[in-house]
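The values are calculated or read from the model by the stated rules, or taken from the named source; none is laboratory data. Small disclaimer: the values here were computed from a predicted structure and weren't measured. Here Cβ is always computed from backbone atoms with ideal geometry, including for glycine, and neighbour counts include all displayed protein chains. Note: accessible area is taken over every heavy atom of the protein model, side chains too, but ligands, DNA and RNA are not part of it. Shrake-Rupley method; radii C 1.70, N 1.55, O 1.52, S 1.80 Å.
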Amino acid sequence: MHSRRTISELEADLVAVEAKITELRSEQHVLVRELEYAQAPQSDGSRSMVDYVQARLDIKRDTAKDLVFAARRFVHHRGIHDRMLYRGATFDRTVAAVKLADSGATSDVVTDSYRQDLAGVGRLAANTRRVTSADERQVFTERYFTIQPNLDESRYQMWGEAPGVIGRTIEKAICERADEMRQTAGDLPSSRGQRQLDALGVMAIDSLGGSTADGSSTGQVTVFIDTRHDNPTDTTAVIEYGPRVGPDALEEIMCGGRVQIIGLDTSGIPVVTSPATRTIPPAIRHTVAHRDGVCVIDGCVSLYRLEPHHITRFTDSGSHHPNNLATLCWYHHHVAIHGNGYHIDQDSPPHRRRLTQGPPPRGSPRACG
Ligand SMILES: [Zn+2]
Ligand SMILES: [Zn+2]
């Protein structure tokens with residue numbers, strides 16, 4: 001009969017498997033060393049050995065970094081390496097110990113470190129570490145930034161690596177901008193990471209003198225819509241020379257610029273073309289800006305890129321009438337409303353508007369005060 005295994009038996013197996021992983025990583029780091037010696041990344045078009053290992057093995061960047069580090073440094077620390085080969089230290093433990101030894105720690109400190117948890121060893125190495133000018137040059141040489149859209153450009157990913165001072169500068173600028181947005185516009189539920197991305201976005205808009213890549217604040221935008229979908233709330237549109245956007249982004253563009261919409265049939269032939277007049281007339285823009293003066297959301301004191309917004313969506317037959325327009329700061333307009341899907345509560349007072357997450361206002365809006 002099959003009896004249930006005890007926790008200590010299972011644990012022993014778990015540890016035994018880790019020992020096998022360490023053995024395999026150990027084989028891998030030797031191969032990585034040989035590949036680096038053979039200059040494999042150059043033949044592969046990779047920027048660095050880490051990029052090469054990450055791409056070839058399809059593993060996390062940290063794991064690739066550890067393997068490359070092991071390939072370069074294990075040979076210089078025989079004693080620590082032997083402890084992995086013959087005395088059961090894991091690969092991760094060995095990487096941490098070699099990093100600590102590289103930071104200038106004495107062999108006694110390294111030996112003691114085997115009793116600490118891995119995070120503690122990492123902190124110890126960081127505190128012991130002296131940065132040589134060779135280190136600095138290496139970090140500088142390996143600096144990079146990548147920004148990569150997916151196939152239809154509806155999403156972008158970005159990542160990179162920077163020398164300490166410039167990395168800290170970038171971080172500080174983004175965090176300060178995110179804090180500033182939160183203080184002036186109030187705190188809608190969003191994570192720290194989301195606020196930082198919003199901040200990075202407005203920094204880019206500022207750098208372009210106020211326009212976004214779709215040109216909505218400066219010029220005319222041409223949008224192609226597939227006419228097979230007749231429900232306007234399901235619309236997926238493609239901006240000319242630009243990304244694929246959904247109904248929310250389309251509505252956002254409508255608030256900002258002159259939009260010409262071209263409807264395409266199944267074979268991609270234009271069947272309807274709207275006149276390029278779907279824009280808020282300048283006189284009305286000025287009237288609304290003059291009337292409101294600030295962002296109309298209750299409690300908001302932000303003056304950052306004030307813009308008119310359609311209270312009833314333009315695509316839900318909301319008009320350019322001043323009563324259907326409200327002045328919003330960039331944050332409330334783009335992050336809260338068009339991004340997070342909040343709407344202006346039509347029952348709130350015109351200059352102390354509240355946001356709601358109910359269904360969007362439809363039909364003709366009631367006259368303001
Ligand atoms: Zn809007
Ligand atoms: Zn606001």
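Per q in 0.17, 0.21, 0.25, 0.26 Å⁻¹, report the Debye log10 I(q)/I(0) for region 279-321, using one uniform scatterer on each alpha carbon and no solvent.
Listed by q, the Debye log ratios stand at -0.52, -0.75, -0.96, -1.01.
Cα to Cα, under 20 Å, and not fewer than 8 places away if on the same chain: which lysines meet these conditions relative to LYS60?
By straight Cα distance, LYS60 reaches LYS20, LYS99.
Expressed as cubic angstrom per residue, what is the convex hull volume of the alpha carbon set of the chain? Spell out each step's value before the answer.
On the way: hull volume 93.7 nm³, N = 369.
Convex hull volume per residue, Cα atoms: 254 Å³.
Mind running the shape call on region 114-194? Use the C-alpha gyration tensor, a ≥ b ≥ c as the square roots of the eigenvalues: rounded below 1.5 for a/c, prolate if a/b tops b/c, oblate otherwise. Display every interim value, and only then the final one.
On the way: a/c = 1.97, a/b = 1.50, b/c = 1.32.
Prolate, because a/c is 1.5 or more and a/b exceeds b/c.
Return the distance in nm (one decimal) between the two label points of a simple spin-label model at ARG123 and TYR37, each offset 7 Å from Cα along Cα→Cβ.
3.9
How about LYS172: which lysines have a C-alpha closer than 20 Å to its C-alpha, ignoring those fewer than 8 places off in the same chain?
none
In Å², what does the accessible area per residue of the chain work out to with a 1.4 Å probe? Please list the in-between numbers first.
Details: 22330 Å² over 369 residues.
Here the per-residue accessible area is 61 Å².
Report the net charge of residues surrounding GLY339, where surrounding means a beta-carbon distance below 11 angstrom and charges are Lys +1, Arg +1, Asp -1, Glu -1. Intermediate values should be presented prior to the final figure.
Values: positive: none; negative: ASP198, ASP248, GLU252.
Neighbour charge sum, excluding GLY339 itself: -3.
Please build a GNM for the chain, connecting alpha carbons under 10 Å apart, and tell me which residue among SER302, SER207, SER43 fluctuates the most.
It is SER43.
For the chain, what % of the accessible area comes from carbon and sulfur atoms, probe 1.4 Å?
Values: 11930 of 22330 Å².
With neighbouring chains kept in place, the figure for the chain is 53 percent.
Largest first and in whole Å, give the semi-axes of region 1-115's equivalent ellipsoid, each being the square root of 5 times a Cα gyration tensor eigenvalue. The partial results should precede the final answer.
Details: eigenvalues 169, 91, 23 Å².
Working through the eigenvalues yields semi-axes of 29, 21, 11 Å.
Calculate the FRET efficiency for ASP62 and SER107 from the Cβ-Cβ distance with a Förster distance of 30 Å, rounded to the nearest 0.05. Mind showing how you got there, number by number?
Working: r = 26 Å, r/R0 = 0.88.
Calculated transfer efficiency: 0.70.
Helix-only mean residue ellipticity at 222 nm, the chain, DSSP H runs n ≥ 4 weighted -39,500 (n - 2.57), per residue, nearest 500. What is it? Write out the running numbers ahead of the final one.
On the way: 13 runs with 165 residues, N = 369.
Taking each H run of at least 4 residues, the total per residue is -14000 deg cm²/dmol.
So the label point goes 7 Å from the Cα of ARG182 along Cα→C-beta, right? Which residues of region 280-306 then have their backbone N under 20 Å from it?
Inside the label zone: 298-304.
At 7 Å along the Cα-to-beta-carbon direction for both LEU85 and GLU240, put a label point, then send me their distance in nm to one decimal.
6.8
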